[in-house]
Each structure stands twice: as C-alpha cells, then as structure tokens.
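The values are calculated or read from the model by the stated rules, or taken from the named source; none is laboratory data. Quick caveat, the model's predicted, so the values are computed rather than measured. Here the Cβ is made from the backbone with ideal geometry for all residues, glycine too, and neighbour counts use every protein chain on show.
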Amino acid sequence: MPALSIGFEVHQPYRLNRHFAPDPKIKRKDLLNLYFDEINRELLLRVAEKCYIPATTQVLEMMDAGFSCAFSFSGTLIEQVEKWSPDSLALFEQVAAHRNAEILAQTYYHSIASCFHDKTEFTEQVRMHANLMRDLFHADPAVFENTEFTFNNEIATHIKDMGFAGIFTEGVDRILGWRSPDYLYTCRDIPVLLRNTQLSDDIAFRFTNRSWDMYPLTADTYAKWVAQSSGDVVNVFLDYESFGEHLWSDTGIFDFLRHLPEELSAQGVSTILPSKVLADYSPVGTIDVTETISWADIEKDTSAWMGNDRQRAAFFALQTAHAYSKDKQVWRYLQTSDHFYYMASKFGSCGEVHSYFCYLEGEDAFKTYMRILADYEERNIRTMKNRKAAKALRTLSPENAFHFASPAGYIGYTAYNLDQFCELLHIVPRDSIQHHLERGDFTFWIRDVLGDTHLAESIKECTERQELTNLVCEWRERLWSHLK
Amino acid sequence: MEGTTVESLKIAIFCWESLYAERVGGLARAATHLAETLAMSHEVHFFTRGWIQDQTIKGVQYHYCQPGGNNMVEYCDSMSYGMVENFHRFDKNRKFDYLHFNDWHAVQALHILQDRNTILTFHSTEYGRNGNQFGDWWEFKEISGKEWYGGLIAKRVTAVSATLKNEVMQLYNVPDWKCDVVPNGVVPREFRAEIDAGKVKQAYGIHPFAPLILFIGRLVYQKGPDLLIEAVRKVCQNHWDAKVIVAGTGDMRQFLAERAKDLPVNFIGYIPDSEYVRLLNACDLVVIPSRNEPFGLVLLEAWSAEKGVVASNVGGLSENIDAFVDGVKVEPDPDSLAWGINSMMDDPKNAIALGKRGRKKVDRMFLWGPIGGKITETYSRVVA
C-alpha cells in the first residue's frame, strides 16, 4: 500500500501597476507603491478570506487528527500576509509549529532565478528564504521545492551542494519513460520526489469539470485511486489557493478535503511528510534531466515563462538588469515567475488556465513590465560609476525601444536594449535595415535615446548591414567591459 | 552528434550564391547558414562569386571571384575556374579536409579537385526544375550532364529530402550507399515576428478579421499557383469573407490574374523580405500547392511563424508534414486543395494548433545546429 505525501504551494506575487508611468518626482522610498498595484492588497484579502483562513483552519483540525502535509510559503506571500492579513499569518504559524506539518524550502521571491545563466542570485534567494523560515517559524527546511517545480540536472546539483536532503519536481512522462512517479529517485545524487501529475490535476483542474466522466469527484473515489498505485509513495502537490480560490467553496472542495483523511485510512493509506519519505524509502533508480522541466501546463517545461519572444526579451533584459541592481529588492520582485506567466500567449485548455490567472492581457503585461524595468534601471544609473556606458546599455520602455520597420510599416521586431539591437541586426530582413540606414534612424536612436554620441558618429557613414553590425557589436562589448 | 566533431576541420564550401554578395534564391540562405553553423567549430572558407572584397562574417571567410560568359554554362565554368584559383591560395599551409559543393554550378571545380574529399549536395535537379520533364534543348542536356558527372565523381552525395535522393539515384545512377539525406534548416526568428495582424491586413484593404490565405513563390507551373486559384473558387462558396494574397512573380502571372478576375485574390508581385515577414505573421493560413517540391523551405518558414499549412502531398512536403498533426496534406488538384483549405478555415483553433506543433517540429528537427552535425557525419563517411 502506498503512502500519500501531500504538499501545498502558498504564494502571491506583487502584481505590477498596470497604470505605471515614469514620475521622476517620486522618491526612492515610495517606489514600491509606484511599481506595484494597489490591487495586491485587495486580492490578498480576498484569497485570505476565501482560502487561507478557512482552508488552514480545516487543515489544522485534520492535522490534529493525524493527517500530515507539507507547506511551501514564498517570501512575497509572507510579506503580504504580515502587512495585510495577520490572521492568516497566525494560522500559518500554527501550521508551522504543528508536529504533522513540514515546511519546505523555495526561493524567497518565487523567482525564475534558477534559469539564470549565473546561479549566485538563485543561491542567495534560497538562503534568504531559509532565513525567513527560521526567523518566523523556527523551521529549518530540509526539502527544496523550486518555483513551479522547475528542475534540471544543474539545479539538482546546486541544491545538493546547498545541503538539502531532497528536492521536488514534476513526474514528467518523457523523463520517466515507463517508470512510475510513485517511487523515490535520485538525480545527481540528490533524492527526488516526483509529483503525480494525474492525481494532482484530478483535484486542481478536473474537480469542477462537468464533462469529465469522473465528475463529481468524491473523497472515497480519490482515496481508492491513491490506494491502487503500486508504488511506495504518491506525491500530490497543489496550489494552496485551489482550496476556496480557484475552486470556490460551493464546488464542495472543502467537503472533499474534510473527508479525505477518513477515506484514506479506510483504504489503508497513510499520509507522510517529505522528509519522512526520504528517511523511510530508498531510491529505486536515477533520472537524468538535461532539459528544464516544470509542472506548468501540458508542456511541462519553461514555455509558460519563456515560450514567446516577448517573454524571452523580458527574461534577458531582467538578467542584464543585474548590473543596475544596486537596490536589489525591486529587481528581485521583478523576478517572480508570475510576471512572465502573464505575458504568455498560449491557447486551448492551458490557455484557459492562463486566462483565469491573468489579470491583464499578455501584451499589456509585457509593456508594463518593460516600462517598470526601464524606469528601475534609469533610476539606478545615477549611482553607477560609468554612467555613460550604463545609459547606452540600459533597457528601454516600449516607447523608447527601436521598432524595426519597412516603408510599409512595423515588421514585428523590437530592440529593447543595445544587446537585443545587435542580435536583431543579424535577424531583421536586409531591406528593413537598408530603409533605416537611408533615413539615418539608427544614428538618431543611438544618439538621442541611448545617448552614445561616439557610436552614433561612427555608424553615420555605414551603408551595409555587415559594417554596421560589426561596429555596433564591438562597441557594445567595449561598453560592457566598462560596466563590469 | 556528440563526440564526432571534437577535432576542428578545415572546410571549403563552393556555391554560386551567398547571402552577403550575389544572391539569387533560397540556395544562398541555405549555404550561408550551413557555413556559419560549421564555422562555430571548424575553419570554413566559402568560395562564391561577387564584385566585392573578400570578407569574414560570423567566422566564415568569403572568397569572391568575378566570372563572365556568353551563356549560363560558360558562365559557371568560368566561375569554377575562379573558385579553384582562390581555393589554391588558401590550401597552402594547412590542406582542406573536406570540399563541399552545392548544386551543378561548380561541378567544373569539383572535376578539377576530384582527388580530394569531396561532397556534392543536391538542392534540386534540372529535371525537377523543369516540372518533372526532360528537355530537348542543349542547356537542359548540358546541365543534366553536369549533375550526372558531379554525382559520379563526388565521394559523397547528399540530397535535401528522400524524394530528391530517389530522383538523383534514378536519374543519375548514384548508388544508394553514397547518398545521405540531410534536410535544410531554418532560423525561426527570421520569420517569427510579434505583429498586429489586423493592421497588416488593413494595409491591403482586407478587414482585420477576414481570414487571409497566403501563397508565396515563383508563379510557375511547378509551384502550382493555378491550382490555388481554382481552389479559391470553391473555398469562396463556404467562406464568403476569405481573402487570398499571392506574392511572387513569374511567367504565369498574366494568365493567373485573368483567371482570378472575379475572385478575392490580390497579386502583389515581388515583395521584399520585410514585407514577407509581415504577411507571413499576419495571415491565417499558408498554402503550398506545388506539383514538385524537392524540399519546400516555405513550409519551415510558415512553421517558424506558427502558421497552419495546407500543402501538396509531394516530395519534401510529403515527408516533413505529419497529416493533421502539424499540417494538412492534399493532392495537387483544385478539389483536394479546396477541401484542405476549407477544413482549416472551418476550425481556426485547430489551424493554430497545427501551426504551433509545426513550430515545435522546427525546434526539434530543423535548426541549423543539429543539421550541421548531420553534415559533419556525412563528411566523416567520405571514403577517399
């Protein structure tokens, strides 16, 4: 008979201010109010009322009766409940102190820093989170759960080196092949707990689906399914907000939760904590994850955050913003995965999931993000040593970016900084480049927006793409060497 | 492939066109991108024609010659001699490991250098370019002769699709063991742009929400534009708002325009690359009604832009499309084509899904990196 290990991801991002406009008069200490939306408070209060308070009250009762489960709180959530919902925080503190609960580790900012080329930022955020858990909950997490279960060999190695005993990720079919996710595996010598996608999505996504042949799902059916697994341990991991927020209480989700422990024990299934899984079971095999996987959508990869060109543009701009991040806090808030999720342009069933989570359309989300990132960098230039280089290399808002065009109009390529401009010089059709060269647009943009008169002067005489590309790319490298 | 490209090779590529000098058609793009890919781990010299100074771009060293001649065949021979002359200048200290020729134009150079490790890539054959027919004029015979001779003396031959490989094997008696299939690649970003489709459509006087079908290619019999025109007549009975843009030019244009007088078809003639990118990303469906297509680069370009494709079930198109997974395959006749277009337009959501899966296939199979690996594998099979 398998054991059931159930875990909850508790997270809220700081959503960006949709109506953001640069305002030089605003002082640095008020920046957070300028960048982030007032709606955050409202949404948090709504989630607290509908989910955190009722669900946690119920889970506490269940835990008193012997049910055990794991919680993973993001740092941005904890900040918000500290500010706006002390009641929720008090309940979370009770959870953390409970003998049947386990607190998991994650990145403080629920960030995509684990995908950065340079992993120091990721390591730093994991440390920050561990410190928060220690200070607030007196907990010392032993098992790590990365943002949306993002995982690959490299992340596994990192987490092992940081001294964690185990790590969660998704039980992705193409990684496992014929093998079952319901066992313990290792990856690069660190034990890996694999989420059972089917049984997790049965609750998170299919619970209210009336066209599902198993609708309505009841606790006894679900317990039977768990019992039928031939593995050692079934890992179910859910967004905590599923209880009451994504699935409203009138769907019966709380009744389902309330009856789950008794139905599980009727089937002889016991619940188990992740660290206990690591202690009680030994790994049955190894997995090798060269691509980056996650629990997102049906693709189970990073395409939910880095699937389209605007997401990638934002992601690279975010990484280069490191050089401007004297004030790290805002930069880190901007790393939260949700911002990138909002920029997605997916469709179909996962598009529907997206649309529920997204409060503004992908394009708007992207523009807002770039405007704020641009403003943030601009403000930090003042404090930097080489201001000229910093100004030329900074990320721009959509209004200042270079939009490539032909005589017929915009052709769909935009450079948000000099790095992207260099890259696009190789990609953009030749006739568009010729068009801009003839009009002198490149010179104007580099002189007036990037403020680099030297480069503007030197490309003035260019007539060919190749010459231009060489000049710009060489100069860009020089500028970067000044910054580093 | 891992392990096969550890040592750095010295490679010579011969092609009569390149992206940064004389450029004629799709071959320039394919040869240049292949050279740039190989140059990431090897020393690559590109011998071509052009009236500019030799230059190095993205690690590829371009050497230009300036041929002349009274006809195509003479011109290409003259070019071959120029290429060989340039070749010897750079063959002195370290000898070239592999010599890679593209199509028949440089076969005379292949002849002179036949003792070396030579590879000949077929992108098409004269027979195919002539609409799967033999010609009786002297250029046809001369060029076919060069293709046969190239296939005979080259140490290794590659073709861009299995169909073309069969064609080459049958026409020119190239033995099976000597011939590999290495498809063309694509740089998806060159064709994928984030653009407001409605605005582009409006620029052509089309309603932003009207479904737009795009055809791009030379207007010649081989590409089947006449099949599309006849199919549109039937499509309009189901979709009154459908609009068609035919981009490209050719000797059939007058005839086609005449046939399409009463149809919502706009012949826009030759368009620059930037306009192609705009249209490709604005349209709802790309149609490739070719009668013969050794590879069909437009397919990869449409997939790069995540567009649904209705294509003839011929040649490379037939090999690369999985029916109803990433595109719709039809017979090269108007009825079948109309059925395919209707099936896509009846279910636009599905058309998008097919396009997205096409893009996934591109990312999996048609990026230049892995294709460069395949080519070096072919190099390693050369038996001198």
### Query
If you scan segment B:307-330, which residues turn out to be over 26 Å from residue B:210 (Cα atoms) and either not in a helix (DSSP H, G or I) or not small (Gly, Ala, Ser) (or both)?
B:313, B:314, B:317, B:319, B:320, B:321, B:322
### Message
Pairs please, first residue from segment B:187-208 and facing another protein chain (nearest Cβ under 10 Å) and surrounded by fewer than 19 Cβ atoms within 10 Å (Cβ to Cβ), second anywhere and assigned to a loop (DSSP other than H, G, I, E, B) and among the small types (Gly, Ala, Ser), Cβ atoms under 7 Å, 6+ apart in sequence or on different chains.
### Response
B:203/A:408
### Query
Has segment A:189-201 got at least one residue that is part of a helix (DSSP H, G or I), in contact (Cβ under 8 Å) with a residue 12 or more places away in the chain, touching a helix residue (DSSP H, G or I) at 6+ places or on another chain (Cβ under 8 Å) and not polar (S, T, N, Q)?
yes
### Message
Quick check on segment A:414-426: of everything there that is under 24 Å from residue B:59 (Cβ atoms) and in contact with a strand residue (DSSP E or B) (Cβ under 7 Å, 6 or more places away or on another chain), which residue is farthest from the other protein chains (Cβ to nearest Cβ)?
### Response
A:421
#### Entry: Restricting segment B:209-227 to residues that are surrounded by 23 or more Cβ atoms within 10 Å (Cβ to Cβ) and farther than 13 Å from residue B:245 by Cα, the residue that is farthest from the other protein chains (Cβ to nearest Cβ)
B:227
### Query
Do you know which residues across segment A:60-82 are assigned to a helix (DSSP H, G or I), over 24 Å from residue A:124 (Cα atoms) and within 26 Å of the chain's Cα centre (by Cα)?
none
### Query
Does segment A:377-394 contain any residue that is out of contact with any Pro (no Cβ under 8 Å at 6 or more places or on another chain), surrounded by 17 or more Cβ atoms within 10 Å (Cβ to Cβ) and in a strand (DSSP E or B)?
no
### Query
within 14 Å of chain A (Cβ to nearest Cβ) and not aliphatic (A, V, I, L, M) - does that describe any residue in segment B:368-381?
yes
### Task
Report, by residue number, each residue of segment A:307-319 that is within 15 Å of residue A:419 (Cβ to Cβ), of a type outside the set (Lys, Arg) and surrounded by fewer than 21 Cβ atoms within 10 Å (Cβ to Cβ).
A:309, A:315, A:316, A:319
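Residue by residue, here is whether (1) small (Gly, Ala, Ser); (2) touching a residue at least 12 places away in the same chain (Cβ under 8 Å); (3) within 12 Å of chain B (Cβ to nearest Cβ) holds:
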| position | (1), (2), (3) |
| --- | --- |
| A:447 | no, no, no |
| A:452 | no, yes, no |
| A:459 | no, yes, no |
| A:462 | no, yes, no |
| A:466 | no, no, yes |
| A:476 | no, yes, no |
### Query
Taking the condition without any contact (Cβ under 8 Å) to a residue 24 or more places away in the chain and charged (D, E, K, R), does residue A:387 pass?
yes
### Query
With respect to the numbered conditions (1) within 30 Å of residue B:360 (Cα to Cα); (2) surrounded by fewer than 24 Cβ atoms within 10 Å (Cβ to Cβ); (3) within 14 Å of chain A (Cβ to nearest Cβ), which one is the sole condition not fulfilled by residue B:314?
(3)
### Task
Inspect all residues belonging to segment B:262-285 and state whether any of them is crowded, with 21+ Cβ neighbours inside 10 Å, at pLDDT 95 or above and over 30 Å from residue A:308 (Cβ atoms).
yes
### Hey, residue A:136 free of Cβ contacts under 8 Å to residues at least 12 places away in the same chain, of a type in the set (A, V, I, L, M, F, W, C) and surrounded by 16 or more Cβ atoms within 10 Å (Cβ to Cβ) or not
no
### Query
Applying the selection to segment B:30-79, what residues are free of Cβ contacts under 8 Å to residues at least 40 places away in the same chain and in a helix (DSSP H, G or I)?
B:32, B:35, B:74, B:75, B:77, B:78
### Query
Looking at this structure, is residue A:443 within 14 Å of chain B (Cβ to nearest Cβ) and either in contact with a helix residue (DSSP H, G or I) (Cβ under 8 Å, 6 or more places away or on another chain) or free of Cβ contacts under 8 Å to residues at least 24 places away in the same chain (or both)?
no
#### Entry: Given (1) in the same structural domain as residue A:202 (by TED's automatic domain parsing); (2) without any contact (Cβ under 8 Å) to a residue 24 or more places away in the chain, index of the condition residue A:277 fails
(2)
### Message
Condition first: surrounded by fewer than 24 Cβ atoms within 10 Å (Cβ to Cβ) and under 24 Å from residue A:197 (Cα atoms). Now tell me which residues in segment A:161-175 satisfy that.
### Response
A:164, A:165, A:166, A:172, A:173, A:174, A:175
### Task
Take residue A:372 and decide whether it is buried (at least 19 other Cβ atoms within 10 Å of the Cβ), in contact (Cβ under 8 Å) with a residue 24 or more places away in the chain, more than 14 Å from chain B (Cβ to nearest Cβ) and β-branched (Val, Ile, Thr).
yes
